[in-house]
Amino acid sequence: MHKTNKLAVKGILFSLVGTGLFAPIFAAGKFVDGAIPALLIVMMRYLFGFLSVAAVTLFSRTSFSSVKSPQPKLHFLRALLGIGGASFTIHAAAHMPIADATAIGLTQGL
């Protein structure tokens, strides 16, 4: 298989895995039925994301400076906006049918 085709297949697989992992984020609001605030669910998501990046960085023997943002202020603003958006998304998913929430979430790229 040509290198370009391998990269395309790899990209498609990552996209499918990402989509498969996207639905449980919406379902988290339904699973806890409002017992855990949406903000806490989002913070746990960001914590596990950080731990994933840290683990990959450590295991690949890459320096942490290579994953450091060149514009930390903008990166911080992006993180705040992401936390807000994810919190609203999970809160909405807790109060609407899960199929609707997932369908709306999957249109994000459009």
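Values computed for the structure shown
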item: Lone unmet requirement of (1) hydrophobic (A, V, I, L, M, F, W, C); (2) modelled with pLDDT under 75; (3) closer than 26 Å to Thr107 by Cα for Met1; result: (3)
item: Residue list for region 10-32, filter: surrounded by 10 or more Cβ atoms within 10 Å (Cβ to Cβ), small (Gly, Ala, Ser) and modelled with pLDDT under 85; result: Ser15, Ala23, Ala27, Ala28, Gly29
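The values are calculated or read from the model by the stated rules, or taken from the named source; none is laboratory data. Quick caveat: nothing in here was measured; it's all calculated off a predicted structure. Reconstructed Cβ throughout: ideal geometry from the backbone, glycine too, with neighbour counts over all protein chains shown.
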